[in-house]
Amino acid sequence: MVASHAALLASAVKASVDYDCLTFVQHADFKARDVKYLPGRRTLYCDLYYCPANHRLVMADHTTERYWPRAGTQIDNDAGQSLIQYLDGYADYIKQHYDQEFFGLTAGMDSRVLFSVMIAKGMPMQVFTMRRGDPSGGSKADMEMAKAMCAHFSLPHREVQVDFKRLGSKSFTPSMQVLRANTGHMRGNAVVANAQFSDEFGPELLKVKTSYSRGFGGEIMRGFYHRQGPATAKHFASLYGLMAGTAYVQDSFEHFVKCSDFSQTHGIAVNDLYYWEHRMSGWAALGVAETDIFANTFAGYNSRRLYEAFMRESPAEREARAGFIAAIRHYCPTLLDWEFA
């Protein structure tokens with residue numbers, strides 16, 4: 001059986017909650033982590049695992065197999081050209097199929113590149129910047145820069161200050177329970193933040209067809225883990241960086257390695273595959289499911305050809321972010337006047 005998220009499948013097969021997982025997510029170190037996701041392919045339920053990117057489910061023997069990277073793929077453009085080609089197609093699709101874009105603007109790179117192509121294509125936008133009131137939840141500088149960019153292009157901008165106290169009694173409503181189930185019960189305060197989005201924006205977003213482009217995928221292109229290592233449970237647990245020496249985390253990554261074939265990566269670094277297939281499959285996918293309840297949500301950078309074009313660059317080239325800057329210069333060079341966070 002296959003489902004879009006674990007709670008649906010758990011309900012269908014009567015899977016029980018994994019109490020080791022509950023213990024893990026209640027640990028202070030896990031709660032303190034901003035980007036929350038489980039080790040390996042774990043879910044909240046016993047014997048239910050997610051199928052990560054670049055793998056297919058083999059129904060006959062209940063296993064997964066890798067289908068990417070492939071041998072012999074040809075990348076004709078450099079990274080910057082590949083990104084521009086991708087963004088042209090992406091933004092054209094959004095404009096053709098949606099009436100407006102719900103856009104979260106920050107001072108960061110990934111947000112600004114997507115913002116540049118939306119401006120160039122003349123896509124109607126509702127722009128917001130969120131502050132959660134914690135060190136990782138947006139800054140005053142983010143807010144002021146976003147306001148300044150919107151003012152320059154005569155776009156309305158809304159500041160969203162997440163108010164956890166205001167939502168207190170709503171934390172236990174049926175809609176919040178559904179939202180938590182939809183995101184695997186792993187997203188912590190982010191669920192509350194997006195419930196507030198739904199309250200504040202939902203009615204007006206539902207009046208017309210609305211897209212929501214999130215900046216997921218940019219870190220796959222730039223490279224996230226720069227300390228290279230082998231495809232072992234020990235290495236992956238150390239990159240995960242949370243209770244790496246515990247039996248729970250080690251067992252999780254033993255299972256991850258056993259179910260993922262890293263023997264033929266065709267020149268793609270193991271760490272790039274690990275970040276994409278672990279963190280992005282176990283965290284970003286839930287982020288998309290979380291906001292999809294009030295706007296049709298897309299990972300803004302979502303193309304294997306695009307990823308590969310960047311992965312073929314040298315570490316120095318990727319870190320310099322030249323391809324991203326080239327895309328902004330192509331679509332809306334004025335946006336380079338503001339510094340990046």
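Let's see how each residue does on (1) farther than 23 Å from A151 by Cα; (2) surrounded by fewer than 19 Cβ atoms within 10 Å (Cβ to Cβ); (3) touching a Pro at 6+ places or on another chain (Cβ under 7 Å); (4) modelled with pLDDT of 95 or more:
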position	(1), (2), (3), (4)
T297	yes, no, no, no
R305	yes, yes, no, no
R312	yes, yes, no, no
P315	yes, yes, no, no
R329	no, yes, no, yes
C332	no, no, no, yes
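Across region 112-130, the qualifying residues are those that are modelled with pLDDT under 95 and polar (S, T, N, Q), and the one among them that is farthest from M149 (Cα to Cα) is Q126.
A residue that is among the polar types (S, T, N, Q), out of contact with any helix residue (DSSP H, G or I) (no Cβ under 6 Å at 6 or more places or on another chain), under 16 Å from P52 (Cβ atoms) and not in a loop (DSSP other than H, G, I, E, B) occurs nowhere in region 320-339. Only one of the listed residues (L155, L87, L114) is among the hydrophobic types (A, V, I, L, M, F, W, C), part of a loop (DSSP other than H, G, I, E, B), touching a residue at least 24 places away in the same chain (Cβ under 8 Å) and surrounded by 14 or more Cβ atoms within 10 Å (Cβ to Cβ). That residue is L155. So, in region 49-79, exactly how many residues are of a type outside the set (V, I, T) and closer than 30 Å to I325 by Cβ? Of the residues in that region, 10 qualify. Only residues that are surrounded by fewer than 20 Cβ atoms within 10 Å (Cβ to Cβ) and in a helix (DSSP H, G or I) were counted in region 206-221, giving 1.
Look at (1) within 23 Å of the chain's Cα centre (by Cα); (2) outside any loop (DSSP other than H, G, I, E, B) and you find that D34 fails only one, number (2).
Residues in region 292-301 that are out of contact with any Leu (no Cβ under 6 Å at 6 or more places or on another chain) and closer than 23 Å to M221 by Cα: T297, F298, A299, Y301.
Which condition does A7 not pass, out of (1) of a type outside the set (D, E); (2) over 18 Å from R279 (Cβ atoms); (3) surrounded by fewer than 12 Cβ atoms within 10 Å (Cβ to Cβ); (4) under 23 Å from the mean Cα position of the chain (by Cα), if it passes all the others? Result: A7 fails condition (3) only. Screening R42, R56 for residues that are assigned to a loop (DSSP other than H, G, I, E, B) and among the basic types (K, R) leaves exactly one candidate, R42.
The values are calculated or read from the model by the stated rules, or taken from the named source; none is laboratory data. Because the structure is a prediction, the values reported are computed rather than measured. Every residue, glycine among them, receives a Cβ derived from its backbone with ideal geometry; neighbour counts consider all protein chains shown.
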